[in-house]
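Working notes, structure below.
Here, each number is a calculation from the coordinates, and none is a lab measurement. As the structure is a prediction and not an experimental result, all values here were calculated from the model. All Cβ positions, glycine included, derive from the backbone under ideal geometry; neighbour counts span all protein chains shown.
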Amino acid sequence: ATVHDGSTAATTHWTDLYTSPVLNVSINGPWFNPSFYDISGIYIDPHDPTARTLYVTVQGVFGADMLYSSTDAGAHWYDISANLPEAPANSVLVDPNNANIIYVALDAGVYVTQNVSACVQINAACWNLYGSGLPLSPAMSLMAYNEGAVQNLRVATLGRGIEGDRKSTRLNSSHITI
């Protein structure tokens, strides 16, 4: 939606971004979410002062594009699924200290890239499983926050509770179950 200062619900205009092109065209078509799977998450990059950089997760499987990025508020997209496993994507999070680090919660666990721009290449090996010790349960939601010099990542899992991680900004971690 395009919302201007002082606007009300009656003057808000929504724009369907479905036909916005995917610039690194995948095998599934040149448009956003061509398989019509549910959109499971949207995250606006807090490092972008224009708020035009965003990430979207899709709950698709079996060859579907699961993770998209845009730097122009959704007018154009990039499929950044790259080497993620074929599993529904549930949530995405930009590291609060580094815009190049992205976490994504999948039914297959939490994955991280330290260079999101490399994930624009369709088969790039840019994603890695994050940490160890998560229960064999879908990761549904992510939250990061800083507590002094320690950065914390929380993962809400389906039916298993909340998992916690205390880490430095170098992504070295010790796993804590809460």
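Here are the numbers:
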quantity: Net lengthening on full extension, Asp48/His76 (0.36 nm per residue, minus Cα-Cα); calculated: 8.4 nm
quantity: Dipole magnitude (debye, nearest 20) for the stretch 10-130, charges at Cβ of Lys, Arg, Asp, Glu; calculated: 100
quantity: Sequence ranges 102-108, 124-130, 84-90, 49-55, ranked by mean other-Cβ count within 10 angstrom, highest first; calculated: 102-108, 84-90, 124-130, 49-55
quantity: Full-stretch length increase - His13, Val120 - with 0.36 nm per residue and alpha-carbon distance subtracted; calculated: 35.5 nm
quantity: Nonlocal amide H pairs with Asn24, under 5 Å, H built at 1.01 Å; calculated: Asp79
quantity: Whole-Hz ³J(HN,Hα) from phi, Karplus 6.51 cos²θ - 1.76 cosθ + 1.60, for the stretch 105-119, glycine and proline x; calculated: 9, 10, 5, 9, x, 9, 10, 9, 10, 9, 8, 4, 5, 5, 6
